1. Would you mind working out the accessible area per residue for the range 388-433, using a 1.4 Å probe, and quoting it in Å²?
2. Among the listed pairs Lys404/Lys426; Lys254/Lys329; Lys254/Lys393; Lys262/Lys403; Lys329/Lys426, give every one whose C-alpha distance is greater than 24 Å.
3. Take Asp82 and Lys355, extend 7 Å from each Cα along the Cα→Cβ direction, and tell me the distance between the two endpoints in nm.
4. So for the range 242-296, averaging the separation of alpha carbon pairs under 8 Å that are six or more residues apart and normalising by length, what relative contact order in percent results?
5. Roughly how far apart, in whole Å, are the Cα centres of the range 373-396 and the range 260-274?
6. Only Cα pairs under 8 Å and at least 6 apart count here; give the relative contact order of the chain as a rounded whole percent.
7. Per-residue ellipticity at 222 nm for the chain, helices alone: DSSP H runs ≥ 4 residues times -39500 (n - 2.57), over residue total, nearest 500 deg cm²/dmol?
8. To the nearest whole percent, what portion of all C-alpha pairs in the range 102-183 is separated by more than 17 angstrom?
Amino acid sequence: MKTICALLIAGVVSLSHAQTVRCITDISHEFSFYFDGRFASNYLSPIGGSDVRNWATVSKINLDGANLFIAPQGRTPCPWTDADVSKLKLFVREGGGLLMIGSYQVFPGEKDYKLNTLAAAFGASVTPTVGVEPLTLDPSIRSTRFTNYPTQVLSLESPSIWTILVRDKTGAPVMASRKVGRGKVVLASGSLFGRNPDASDPINNDWIPRLLQWLSSGKDVSHEIPPRSTPPENSFNDRGLKVQFNDYMAPTAKGIAEYFFKCLPEVRAFTGVEASRGMLLDLQLLATDGGGFSTGPTIGLGAYWGDFPNHQYGMVELIGHEMTHSWVKPFDEPMWNEGIATYVGIQIAKRLGFKQEADEALSKFLNYSKANDGTGKLNLNGGDLDWWVRMGKPMAIFEELRKKFGADVMAKYFGAKRRLILAGRKGYSADDAIAVMSRAVGMDLFPRFKDLGTTVDWAHTDIPRGGLKPWNGVP
């Protein structure tokens, strides 16, 4: 990131209006963990604003209680339909504020950057052209502190009706605003805002909150009836599973559900246990090719992960991964939480016939981990490990255990966990996990894990140790 001092230039936008912001952030076109609440943490919470998320088709939602709509977008195949655009144009004309946050990326197989369909309705677009440092702020923003990621410049059809709030060294706009009816529109490069999913980079939060107040100032809203999050409007029930999706993702919904039910018995067989009670009741499709989530009862799946539906391997691995997170509830796996989920996903894909892709995926993790954990002593239970090592080292351990104790060793582990880790227990630690694995295979594995650099100790778990064979020193 580059940090620069703003140059004072003539400005025309006043940000002095103190406005209660009632915001809807769109994640129906492109799902992002950052915009799923983290944006609000960085920029709306400091001014007492509220933010809800929209997962539904935009043309079908209720905007009455909102005075600000945020449309962030990078790469996605989800279109802005004519009905979506008309809805937001009316919202702005009637006093609402619209903030379009663009990161120009064309989705594979697509020709156009989708957000530009919406931006074009107001006479602008985001370009792939990289802005020239340093950037400058309009003085109306009343800040001399400015931070940005590498930026992209905008194209304005009629520059005279826009106010450039941020420009690059050549004068090209990076953030610009204009009035439309009683409302206002801002188009900005995504480089001016935070992007970390943990909200650890609230860049420019000394002036963006005031910009949001000004942007929303054209519409009075009820303080008693704030907007509510809008779930995907479409759903169907299949074998006890509720599948939720909006219109943009409708073409992939049934195909993903079918793979869900293909994976389900394979995860059951591989783990040797049923899913925890109350889990895997809902499947929500996410407008992304960038992963998913599990809350336990609900899993979210990126509808385009691994170039689905053109290719199926990635989706199968992802389903297995997110199922595993739900499967182990209410006691999440500790040090290898993500590694074990992806490992199960890879194994499920192999069981479903994707052997070549699964072997390649596993080898990639194993080889990277081996190359970057050359001594084998990196501590899996602490420290700031490289992501690939944190993922790959557990997989290498599981492969070692399978060779030593049999192909069903993971089923033995999950079965032992169900027997030993009972409801009401407070937490499940790395020490507990190694004790459970030891009980599962009948051998004290603590010496082996210590030899692998992992900080664990029998003294830190209440799981009984008696009756185990000593570690024989053979990996």
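1. Values: 1950 Å² over 46 residues.
Solvent-accessible surface per residue comes out at 42 Å².
2. Details: Lys404/Lys426 31 Å; Lys254/Lys329 26 Å; Lys254/Lys393 35 Å; Lys262/Lys403 27 Å; Lys329/Lys426 13 Å.
Table pairs above 24 Å Cα-Cα are Lys404/Lys426; Lys254/Lys329; Lys254/Lys393; Lys262/Lys403.
3. 5.2 nm
4. So the answer I get is 54 percent.
5. Measuring centre to centre over Cα atoms gives 28 Å.
6. Details: 981 pairs, mean separation 61.1, N = 475.
About 13 percent, as a whole number.
7. Values: 12 runs with 150 residues, N = 475.
Value at 222 nm, helices only: -10000 deg cm²/dmol.
8. Numbers: 1679 of 3321 pairs.
Result for the distance tail: 51 percent.
The values are calculated or read from the model by the stated rules, or taken from the named source; none is laboratory data. Since the model is a prediction, treat every value here as computed from it, not as a measurement. Please note: Cβ atoms are built from the backbone with ideal geometry, for glycine as well, and neighbour counts cover all protein chains shown. We work out accessible area using only protein heavy atoms, side chains counted, and drop any ligands, DNA or RNA first. Shrake-Rupley method; radii C 1.70, N 1.55, O 1.52, S 1.80 Å.
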